[in-house]
Structures are given as structure tokens and as C-alpha cells.
Amino acid sequence: MDNIGCDTDESLVDLQYNQNMDGTERVNIKPGISVRVIQKQDQLSGKTSEGIVKDILTNSPNHPHGIKVRLADGTIGRVKEVL
């Protein structure tokens, strides 16, 4: 019975963790992780780019439009999704 409770608790934690990985919280973004970003010039079209985070450019703990990062290829954009 205890094992079932542990599995359920772990599943809830995983679900909560995945829901918070949308890119608006700085704590979720680390150099070296894969992300999907939207660049300034693509905001209207919604076109996104994928890459590896090199630098985190947003200093605040969160941002409603996504944490601004520089990818390894030099692309700068706001994180829409952590992959």
C-alpha cells in the first residue's frame, strides 16, 4: 500500500514539474539545457527555434513572456518551452 502512495506522490511531483517548465521561471533555465525560443522578429508569426542555452540574459526570477537567453549558436530569444 505504501508503494502505491509513493508512486502517486512521485507522479504528482513530475506533473507539477512539467507544468512549470514553460520558460517563464528563471529557476527552470540552466546553461546546457535544450529549449525552444521565440525571437523578437518572430513574435507576430510565432515561429520558434530550438537550441542549447549558453547564457541567461534575464536577471529577474520570472518574466511573463519567457526568460531571455542566448543559445549556443548566438540566437537570442525568450524561452517558450524547456525540452
Discussion item. Let me test this: with uniform point scatterers at the alpha carbons of region 24-83, what is the Debye-based log₁₀ I(q)/I(0) at q = 0.15, 0.18, 0.30 1/Å?
Written reply: -0.34, -0.49, -1.36
Response to the item:
Extension length gain for LEU44 and ASP22 (0.36 nm per residue less Cα distance), in nm, is 6.0 nm
Worksheet item: Tally Lys and Arg at +1 and Asp and Glu at -1 over the other residues with C-beta under 12 Å from the C-beta of ALA72: what net charge comes out?
Response: -1
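Each value in this text was obtained by applying a stated rule to the coordinates, not by laboratory testing. Since this is a predicted model, take the numbers as computed values, not measurements. When we count neighbours, we look across all protein chains shown, and the Cβ atoms used for this are built from the backbone with ideal geometry, even at glycine.
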